[in-house]
Amino acid sequence: MSKYVKDLVSKHYAQRLEGVDDALVVNVIGLDANQSVVLRKELREKNIQLLVVKNSLVKRASEGTPLAPVFEGAEGSLAIMWGSEDAISLAKEATKLQNDKDYEAFETRGGMMDGEVLSADRVREISKWPSREEQLSLLVGQILGPGANLCSQLVGPGRSLASQVKQVEEKSQE
């Protein structure tokens, strides 16, 4: 590959990874063409990008970015996953794919989350955390629980009073 072509590919990588702070490094070599197409379609539906890269060129493209430490010492074939709602959802998806029988060749190698370089084991550990959506639902439940109790306590005496008034009215009509 000529230097001109390497510069073009490196610039393309830099463009694609611009603004990406959280990403996972995975290995997809070993998937056949059909599996790769199906995998990429599944990931696109979840707003996740997958880019197979050449190590030396992605190192050059990521210099000075938050992703640069991920590629230090990287060897072998690499692909980068980024996107989704948050980094935890991305880790959950990568772990799910790694355990899927249809994608046996898929392997998580590490990644970057909030400025921290992650190992493959750390990615698996993070995948067990609640995602942003799960955290929001827990928070809403905690907010609504006391509110529901307060509402029932405020409405309860009014119901009792209304019931007593109705009973008095029924007795007076008899």
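Side notes on the structure shown:
- Qualifying position, being under 14 Å from the mean Cα position of the chain (by Cα) and acidic (Asp, Glu), among ASP22, ASP32: ASP22
- Among the residues of the range 106-128, those that are over 20 Å from VAL20 (Cα atoms) and either exposed (fewer than 13 other Cβ atoms within 10 Å of the Cβ) or without any contact (Cβ under 8 Å) to a residue 40 or more places away in the chain (or both) comprise ASP121, ARG124, GLU125, LYS128.
- In the range 43-67, the residues that are in a helix (DSSP H, G or I) and surrounded by 15 or more Cβ atoms within 10 Å (Cβ to Cβ): LEU43, LEU57, VAL58, LYS59, ARG60, ALA61
- The single condition from (1) out of contact with any Leu (no Cβ under 7 Å at 6 or more places or on another chain); (2) touching a residue at least 24 places away in the same chain (Cβ under 8 Å); (3) not in a helix (DSSP H, G or I) that LEU24 fails is (1).
- Listed by first and then second residue, the pairs with beta-carbon distance under 7 Å, at least 6 apart or on different chains, first residue in the range 49-78 and within 13 Å of ALA14 (Cα to Cα), second surrounded by 15 or more Cβ atoms within 10 Å (Cβ to Cβ) and hydroxyl-bearing (Ser, Thr, Tyr), are VAL53/TYR13; LEU57/SER10; LEU57/TYR13; VAL58/TYR13; ARG60/SER10; ALA61/SER10; ALA61/TYR13; ALA68/SER62.
- Checking each residue in the range 1-29 for being surrounded by fewer than 17 Cβ atoms within 10 Å (Cβ to Cβ) and among the charged types (D, E, K, R) picks out LYS3, LYS6, ASP7, LYS11, ARG16, GLU18, ASP21.
- Taking the criterion of being touching a strand residue (DSSP E or B) at 6+ places or on another chain (Cβ under 6 Å) and of a type in the set (A, V, I, L, M, F, W, C), the only residue of the range 91-104 that qualifies is ALA94.
- Residue list for the range 109-137, filter: assigned by TED's automatic domain parsing to the domain that holds VAL26 and over 14 Å from the mean Cα position of the chain (by Cα): ARG109, GLY110, GLY115, GLU116, VAL117, LEU118, SER119, ALA120, ASP121, ARG122
- Residue check for SER77: of a type in the set (S, T, N, Q), out of contact with any Leu (no Cβ under 6 Å at 6 or more places or on another chain), surrounded by 12 or more Cβ atoms within 10 Å (Cβ to Cβ) and under 16 Å from ASP21 (Cα atoms): no
- Number of residues in the range 68-87 that are within 13 Å of the chain's Cα centre (by Cα) and either at pLDDT 90 or above or not in a helix (DSSP H, G or I) (or both) equals 6.
The values are calculated or read from the model by the stated rules, or taken from the named source; none is laboratory data. What you see is a predicted model, and the numbers here were worked out from it, not measured in a lab. A quick note on method: Cβ atoms are made from the backbone with ideal geometry, for glycine too, and the neighbour counts reach across all protein chains shown.
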